[in-house]
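Please treat every number below as a calculation from the coordinates, not as lab data. Source: prediction; values computed, not measured. Don't worry about glycine lacking a Cβ; one is built from the backbone with ideal geometry, like all the others, and counts go over all protein chains shown.
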Amino acid sequence: MALALAIIVALITIVSVVLFHVHHWWLPENIARNGAAFHNQFMLTMAVTGLFFVAAQLSLAYFLWRYKDRGDARKARYTHGNNTLEKIWTSVGAVLFIGMNLLGYRLWAQARFVGASPGALRIEVWAEQFQYWFRYASPDGSGHFCETNVHLMDDATGNPLGMNLSNPACQKNVVTDTLGVPVNRQVELLLRSKDVIHSFFVRELRLQQDIVPGMVIPIHFTATKVGTYEIVCTQLCGLGHYKMRAFMKVMTEPDFEKWLKQQAAEQ
Amino acid sequence: MAELEAAVHHHEAPKGFIRRYVFSTDHKVIGKQYYFLALFAVVIGMFLSWLMRMHLGYPNYKIPGLDLMSPTGAPGNVMTPEYYLSLMTMHGTIMIFFVLTTAPQSGFGNFFLPLQIGAEDMAFPRLNMLSFWVTFVALMVLLATFFIADGPPISGWTAYPPLSSIGSVAGPGEGLGQTLWVVSIALFCVGALLSAINFIATTLDLRTRGMNLMRMPLTCWAWLVTAIVGLLSFAVLFAAGVLLLLDRLGGTSFFTPAQLKVSGVVLQHAGGSPLLWQHLFWFFGHPEVYIAILPGMGITSHILSTFSRKPVFGYRAMVYALGAIGILGFMVWGHHMFVSGMSPYSAFYFSILTMAIGVPSAIKTFNWLGTMWGGKLRLTSAMLFAIGFVSMFVTGGLSGLFLAQPPLDAYLHGTYFVVAHFHMVMGVAAIFAMFAGTYFWFPKMFGRMMDETLGKIHFVGSFVGAYLIFMPMHYIGIAGNVRRQSEFIDNFMQPLLPIHRFITIAALATGAVQLIFLFNLFWSMFKGKKAELNPWEATSLEWTTPTPVPYDNFNGRLPVVHHGPYEYNVPGAAKDYIMQNSTEVVAAEAAG
């Protein structure tokens, strides 16, 4: 029994580690400028936790087999513990866990403490049950986001954000249902919600942020690879939560400009 | 000559059936009532998880009779993604409140705290009865949502406003169902608060002569710390629940901001903060994790020592670690909110303290291994589940080190990685501790032994099964599989469907293994081998009194304590264990 259990514990440990290691089910491709730093921190954490995981589980397996009561005359060791060992263990744990955490802070600070650079493209993201809208100030990057009015919001008439369409600033704003962004240029998103809490998550950007009604939350990123990526809502937002998603199209700068003009012409 | 017993007044049990078994003030009856309430709840919770897993693995599968549960939620017996959200909400709420909070603390704690500290009953027996019945009503109110027209709520066990605060305009289920949910949780808080006061008073005031704090079994320490944590956290959840109810019914705007447009309607609320609810909720919610797991840590320490035939390694360190976890547990709630819109600077503080809480957790793990090291392990079912607890706690705890780091959480938050993490560390681990406690204390609770062969089969099936279910969730979480979504309409998740099927099959099989436990439990109650007075050769006081335990626990004569709780294999002692109330004097004990 003890041997069989020890083998089971050891097997589970080894198979788990191997499955983490083969990367068959793994992080999707990275398209964020800071994705490499994310990856390093992720792998460092994997190494530290992996070490503890293997050490603890294999010790458990070994003790199960080694110290099983075999009905012989051996007596259990009488000890109430060892303070020196406790202190070493506690210090090692504290230094490793907290140290590892501190190493990740540069990444967090770059993403969240530092604001977007002045040249960043600003886009408003509006979430509602169960879709996203994206607003650009104008097709050529000039202008600003005009005021919105909750009483004018009407998806059916093509004015989901409640813009006063007689206002010239509003006439320049471009509203789309796909997030088009230029490659290799910093983008700042201003996240807003019309109703409940939603979320903005693009796996390939390693970026997730809740969208909270009553708040405008800025986030920024730089996408480094052309392609189409899924935006998914990860915050339970109601019955249709499961179908709330949109796409992010990363394009070359000329393609992006062309796309945005086309969107402006269509509305 | 050392004192053997202290005489107190002998109390007779009440004669009537109702006062004895239904509205009883006897902590042993109340303990069993809590235990069976949790058992009833866990069967429902597990059944719901089966339905959810079927939907995740096989979305179009017709589950016979499902439309009886909800004609709109499962037309033609096929579950809709909407109904999935209802079941998920109910699964989470039932499991966290009515199972994980109820059985390890109120169930085992009620039955064994007075016995282990040598008391006749809890400090406030009538309050104790009230705690249970309020909890019972809370469960009934929650389950009532299955029978109302719009069905159960859909906003998850965290019930984030505004979804939860604006009523049925946010969708069916957010009407009466969500109101009942809030009422149920508020009632549960009342029961938990009354119970917490009782546990604290009992532990501090009713210990028998010689049972100083540092002679208490670690189970009692864990129940004490849990009660203090519960007292401080359920009070906050209760207040938050009342405010949420006012937002829903009274037209207030504590959590509901201005100018919301929901389902085409502009709401009249103004000035509320959705994040305020999250702060209040998680100020309760994180300590709640420890409310679920601390009693399990106590039970595990107790059982590992008993069946390793060795004193607990580092008893004092274990007590301090329990205290440290209890205190730090109140300072880390923001780690649930790294991506909530909270200030990114505060994430720094919450993250460091969360990492710090890993330290006492690591101390505990180290000391559990230390307790087994050099021991003489008796691999009973109880011992196996205690070992299983350590394994699950380690695995589930370590994934927390990823989630505690804001930059990594910004990817993993909202994925199955989180589901894997909390299920292993607070779900499976805590349930393993409940199993361990059941196999260990069954002889005392029911006077008979559970079948050990079935127990071991149950352990192997549950242990392997739990890993087969939850390990793959880490992989799909890393791959970006979002939680709380049931229908993988997007292409991204399609490749992960085979893993979902694998998990579903593992969950059904592991669930089936639990039927062995249920059979063993009820069969042994009536047909099990009669238990001896102290079948495990354990040292604590519950094994000194006859079974069935007299109404006043020690027949009017309280035991007097002369030894620490874990004196196993003391050199020079007559046997390989010294009962806490034994008058045997052994020189090595003081030195050890």
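Taking region A:169-180 as the range and being assigned to a loop (DSSP other than H, G, I, E, B), surrounded by fewer than 19 Cβ atoms within 10 Å (Cβ to Cβ) and not β-branched (Val, Ile, Thr) as the test, only A:Asp177 passes.
Taking region B:443-454 as the search range and keeping residues that are in a helix (DSSP H, G or I) and more than 21 Å from the chain's Cα centre (by Cα), which one is nearest to B:Met525 (Cα to Cα)? Please lay out each step first, then the result.
Within region B:443-454, the first condition is being in a helix (DSSP H, G or I), and the residues that meet it are B:443-446, B:452-454.
Imposing the further condition that a residue be more than 21 Å from the chain's Cα centre (by Cα) reduces the set to B:443-444, B:446, B:452-454.
Details: B:Pro443: 9, B:Lys444: 11, B:Phe446: 6, B:Glu452: 14, B:Thr453: 16, B:Leu454: 14 Å.
Within region B:443-454, the match that is nearest to B:Met525 (Cα to Cα) is B:Phe446.
Scan region B:341-356 for residues that are facing chain A (nearest Cβ under 9 Å), touching a residue at least 24 places away in the same chain (Cβ under 8 Å) and assigned to a helix (DSSP H, G or I) and report the count. The total comes to 7.
One line per residue, one yes/no per condition, for (1) of a type in the set (Val, Ile, Thr); (2) part of a helix (DSSP H, G or I); (3) in contact with a strand residue (DSSP E or B) (Cβ under 7 Å, 6 or more places away or on another chain):
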| position | (1), (2), (3) |
| --- | --- |
| A:Asn30 | no, no, no |
| A:Met46 | no, yes, no |
| A:Thr49 | yes, yes, no |
| A:Leu58 | no, yes, no |
| A:Tyr62 | no, yes, no |
| A:Asp72 | no, no, no |
| A:Leu85 | no, yes, no |
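Within region A:232-244, being farther than 19 Å from A:Ala32 by Cβ, outside any loop (DSSP other than H, G, I, E, B) and at the interface with chain B (Cβ under 7 Å from one of its Cβ atoms) holds for A:Leu239, A:His241, A:Tyr242, A:Lys243. For region A:56-104: of the residues being touching a helix residue (DSSP H, G or I) at 6+ places or on another chain (Cβ under 8 Å) and among the charged types (D, E, K, R), which is farthest from B:Thr395 (Cα to Cα)? Only one residue fits best here, namely A:Lys68.
Quick check, is B:Ser361 buried (at least 19 other Cβ atoms within 10 Å of the Cβ), among the small types (Gly, Ala, Ser), farther than 20 Å from B:Thr306 by Cα and within 7 Å of chain A (Cβ to nearest Cβ)? The answer is no for B:Ser361. When the residues of region B:368-391 are filtered to those that are in a helix (DSSP H, G or I) and within 7 Å of another protein chain (Cβ to nearest Cβ), which remaining residue is farthest from B:Val460 (Cα to Cα)? Of everything passing the filter in region B:368-391, B:Gly370 is farthest from B:Val460 (Cα to Cα). Scan region B:148-175 for residues that are under 20 Å from B:Leu246 (Cβ atoms), more than 10 Å from chain A (Cβ to nearest Cβ) and surrounded by 19 or more Cβ atoms within 10 Å (Cβ to Cβ) and jot them down. Within region B:148-175, B:Pro153, B:Gly175 qualify. Within region B:300-308, identify whether any single residue is more than 10 Å from chain A (Cβ to nearest Cβ), of a type in the set (A, V, I, L, M, F, W, C) and crowded, with 20+ Cβ neighbours inside 10 Å, and answer yes or no. Yes. Across region A:181-209, the qualifying residues are those that are in a strand (DSSP E or B), facing chain B (nearest Cβ under 9 Å) and touching a Pro at 6+ places or on another chain (Cβ under 9 Å), and the one among them that is nearest to A:Gly141 (Cα to Cα) is A:Leu191.
Can B:Phe338 be described as crowded, with 24+ Cβ neighbours inside 10 Å, more than 7 Å from every other protein chain (Cβ to nearest Cβ) and outside any helix (DSSP H, G or I)? Spell out the reasoning first.
Numbers: crowded, with 24+ Cβ neighbours inside 10 Å: yes; more than 7 Å from every other protein chain (Cβ to nearest Cβ): yes; outside any helix (DSSP H, G or I): yes.
In short, yes.
Can you pull out every residue in region B:551-592 that is of a type in the set (Val, Ile, Thr), within 29 Å of B:His9 (Cβ to Cβ) and surrounded by fewer than 22 Cβ atoms within 10 Å (Cβ to Cβ)?
We begin by selecting, within region B:551-592, every residue of a type in the set (Val, Ile, Thr); these are B:560-561, B:570, B:578, B:583, B:585-586.
Then keep just the ones that are within 29 Å of B:His9 (Cβ to Cβ); that gives B:560-561, B:583.
Within region B:551-592, B:Val560, B:Thr583 qualify.
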